[in-house]
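Undergrad: Can you read through this structure? Questions will come right after.
The values are calculated or read from the model by the stated rules, or taken from the named source; none is laboratory data. All of these numbers come straight from a predicted model, not from anything done at the bench. Quick reminder, even Gly has a Cβ in these numbers, built from the backbone with ideal geometry, and neighbours come from all protein chains shown. The area values use the complete protein model at the heavy-atom level, side chains included, leaving out ligands, DNA and RNA. Shrake-Rupley method; radii C 1.70, N 1.55, O 1.52, S 1.80 Å.
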Amino acid sequence: MLENNINDIKSKLQSAIEEAVREIEISGVADLQANAPVDTGALKRAIAFKTEKGDDKYVITFGSMLKYAPYTEFRNSTSKGWMRDTLNELDAENILIKHLKGVND
């Protein structure tokens, strides 16, 4: 007899994705704080994220509300800023894969 477990798998997939998003959020902030330029430490402490969930995707935005934060990112026009470099190193794809592998268990 066949068993319909589509709703169970869908629920497990959604949970795995949400866990992966949470890990990406935490890892992203930690990595950015570790690589932030430090004078007083205010920028490091002011790094935050905002996550928006759409119908078929999540969008995670990292940044800081400090007025001088964009200057630290864009002051050198010959290279990418520290924030973009850090986020390019964030292994979000493998974090997602790691969480999705547990869905079949």
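Undergrad: Answer with yes or no whether LYS50 is basic (Lys, Arg) and open to solvent by less than 100 Å² (accessible area, probe 1.4 Å).
TA: Against the criterion (basic (Lys, Arg) and open to solvent by less than 100 Å² (accessible area, probe 1.4 Å)), LYS50 does not qualify.
Undergrad: Given the criteria surrounded by 10 or more Cβ atoms within 10 Å (Cβ to Cβ) and over 14 Å from ALA36 (Cβ atoms), does LYS57 qualify?
TA: Here the answer is no, as LYS57 does not meet what is asked.
Undergrad: One residue is enough: does the range 25-33 have a residue meeting the conditions exposed (fewer than 10 other Cβ atoms within 10 Å of the Cβ) and more than 10 Å from the chain's Cα centre (by Cα)?
TA: Looking for residues that are exposed (fewer than 10 other Cβ atoms within 10 Å of the Cβ) and more than 10 Å from the chain's Cα centre (by Cα), one finds none in the range 25-33, hence no.
Undergrad: Let me ask you something else. When you go through (1) over 11 Å from the mean Cα position of the chain (by Cα); (2) of a type outside the set (Lys, Arg); (3) open to solvent by less than 100 Å² (accessible area, probe 1.4 Å) one by one for ASP39, which number turns out not to apply?
TA: Only one criterion is unmet by ASP39, namely (3).
Undergrad: Next up: Yes or no: ASN104 open to solvent by 80 Å² or more (accessible area, probe 1.4 Å) and out of contact with any strand residue (DSSP E or B) (no Cβ under 7 Å at 6 or more places or on another chain)?
TA: Yes, satisfied.
Undergrad: Those residues that are closer than 29 Å to LYS80 by Cα and either in contact with a Lys or Arg (Cβ under 7 Å, 6 or more places away or on another chain) or touching a residue at least 24 places away in the same chain (Cβ under 8 Å) (or both), I need them from the range 6-33; list them, please.
TA: ALA20, VAL21, GLU23, ILE24, GLU25, SER27, GLY28, VAL29, ASP31, LEU32, GLN33
Undergrad: Any idea how many residues of the range 69-90 are in contact (Cβ under 8 Å) with a residue 24 or more places away in the chain and exposed (fewer than 12 other Cβ atoms within 10 Å of the Cβ)?
TA: Residues in the range 69-90 being in contact (Cβ under 8 Å) with a residue 24 or more places away in the chain and exposed (fewer than 12 other Cβ atoms within 10 Å of the Cβ): 1 in total.
Undergrad: Working only within the range 1-24, note down all residues that are open to solvent by 60 Å² or more (accessible area, probe 1.4 Å) and within 18 Å of GLU93 (Cβ to Cβ).
TA: Within the range 1-24, LEU13, GLU18, GLU19, ARG22 qualify.
Undergrad: Does GLU3 qualify as being at negative phi and at pLDDT 95 or above?
TA: So GLU3 does not fit the description; no.
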